[in-house]
1. Taking only region 73-112 into account, find how many residues are within 16 Å of ligand 2 (Cβ to nearest atom) and in contact with a strand residue (DSSP E or B) (Cβ under 9 Å, 6 or more places away or on another chain).
2. Among the residues that make up region 150-167, is at least one of them closer than 23 Å to Gln209 by Cβ, of a type in the set (A, V, I, L, M, F, W, C) and surrounded by fewer than 14 Cβ atoms within 10 Å (Cβ to Cβ)?
3. Which of (1) within 30 Å of Gly58 (Cβ to Cβ); (2) surrounded by fewer than 17 Cβ atoms within 10 Å (Cβ to Cβ); (3) among the acidic types (Asp, Glu); (4) out of contact with any Leu (no Cβ under 8 Å at 6 or more places or on another chain) does Glu142 not meet, given it meets every other one?
4. Looking at this structure, is Ala124 surrounded by 13 or more Cβ atoms within 10 Å (Cβ to Cβ), closer than 30 Å to Arg208 by Cα and either assigned by the TED database to the domain that holds Ser173 or of a type in the set (Lys, Arg) (or both)?
5. Consider Thr109 carefully, then state whether it is assigned to a helix (DSSP H, G or I), more than 10 Å from ligand 1 (Cβ to nearest atom), β-branched (Val, Ile, Thr) and under 20 Å from the mean Cα position of the chain (by Cα).
6. Looking only at residues that are over 20 Å from the mean Cα position of the chain (by Cα) and among the basic types (Lys, Arg) in region 191-220, which one is farthest from ligand 2 (Cβ to nearest atom)?
7. Could you tell me whether any residue of region 40-57 is modelled with pLDDT of 95 or more, assigned to a strand (DSSP E or B) and closer than 26 Å to Arg115 by Cβ?
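The values are calculated or read from the model by the stated rules, or taken from the named source; none is laboratory data. The structure presented is a predicted model; accordingly, all values stated were derived computationally and were not measured. All Cβ positions, even for glycine, are placed from backbone atoms using ideal geometry, and neighbour counts span all protein chains on display.
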Amino acid sequence: MTSDPLPILGIIGPPCSGKSTVAGILQSRGGVWINADVIAKEQLGEPEVIEELVALFGAGILGHNPQLPDSSRSEPSLSRSAIANLVFGDDEESVRRLRQLESILHPRTRREIERQIQQSNEIADHDDRLKLIVLDVPLLIESGWDARCDEVWCLKISPDRHAALLAVRGWTSDELTRRQRRQLSWSEKEARSTRIIENDGSLDQLERQVIEGLSRLLST
Ligand SMILES: CC(C)(COP(=O)(O)OP(=O)(O)OC[C@H]1O[C@@H](n2cnc3c(N)ncnc32)[C@H](O)[C@@H]1O)[C@@H](O)C(=O)NCCC(=O)NCCS
Ligand SMILES: Nc1ncnc2c1ncn2[C@@H]1O[C@H](COP(=O)(O)OP(=O)(O)OP(=O)(O)O)[C@@H](O)[C@H]1O
């Protein structure tokens, strides 16, 4: 007998705001973490995607991953930073290039997310340790995934705390701004979320909010 499908919890928040930390806490409590950024990055390694993007943006987006062994350095690979520089500018040409990139990656990412959702439910039929699916999709609302979610949690972080976390990652505020202008405003995303998770405190305070939210979600 097929059991009810797992509840789906969407997680959104600015880059470096604590989404992966929240997803990790949920994963240790029966959450299956589906990470769209990781899936999109994997698609960028597919030969047909590389070919299509080089044809669109030129060979300047090819890069070599120095951390890879020599044997695989002969394989062409894409430089994500070179692509970011082409698509996150505030000029019309950058906007057009981002839409072209999305038109290639989003259908593939959507298919893979659906596959992982289905696979998680099939596993959950035989393994009651799985309690929910955590859909970590930065553009969850922009791409309509929120319609598939039972709840959406939005990370909220003060500018000072955010700047401190971004600095550790080596991101300037410009890096953040150029991505943000291609997304809905955070006030709009918060308004369309079920729960706001404040992340200006300690990791323990973050974990307590997550555990409280999870018990409410699983009790409904
Ligand atoms: C342009 C790319 C190659 C840059 O790679 P990079 O390693 O620098 O990305 P990085 O992981 O550091 O940053 C990802 C963050 O950028 C932002 N972002 C990514 N894509 C987009 C987009 N299409 N529109 C707005 N913001 C975006 C999100 O906040 C995301 O969390 C990559 O972001 C990408 O492939 N984007 C297009 C696919 C996509 O829309 N991915 C979002 C998954 S929902
Ligand atoms: N409350 C906190 N206290 C201390 N460190 C934190 C806290 N929340 C997050 N961090 C740290 O900040 C960094 C960014 O967190 P995390 O990777 O979870 O953000 P993210 O939103 O998933 O980032 P991205 O989506 O850009 O990958 C990590 O090193 C994480 O350990």
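1. Within region 73-112, residues that are within 16 Å of ligand 2 (Cβ to nearest atom) and in contact with a strand residue (DSSP E or B) (Cβ under 9 Å, 6 or more places away or on another chain) number 2.
2. Within region 150-167, the subset closer than 23 Å to Gln209 by Cβ is 150-166.
Adding the requirement that they be of a type in the set (A, V, I, L, M, F, W, C) leaves 152-155, 157, 163-166.
Those left that are additionally surrounded by fewer than 14 Cβ atoms within 10 Å (Cβ to Cβ): 164.
Within region 150-167, one or more residues are closer than 23 Å to Gln209 by Cβ, of a type in the set (A, V, I, L, M, F, W, C) and surrounded by fewer than 14 Cβ atoms within 10 Å (Cβ to Cβ).
3. Against the list (1) within 30 Å of Gly58 (Cβ to Cβ); (2) surrounded by fewer than 17 Cβ atoms within 10 Å (Cβ to Cβ); (3) among the acidic types (Asp, Glu); (4) out of contact with any Leu (no Cβ under 8 Å at 6 or more places or on another chain), Glu142 comes up short only on (4).
4. no
5. Spelling it out, it is not the case that Thr109 is assigned to a helix (DSSP H, G or I), more than 10 Å from ligand 1 (Cβ to nearest atom), β-branched (Val, Ile, Thr) and under 20 Å from the mean Cα position of the chain (by Cα).
6. Arg216
7. Within region 40-57, none of the residues are modelled with pLDDT of 95 or more, assigned to a strand (DSSP E or B) and closer than 26 Å to Arg115 by Cβ.
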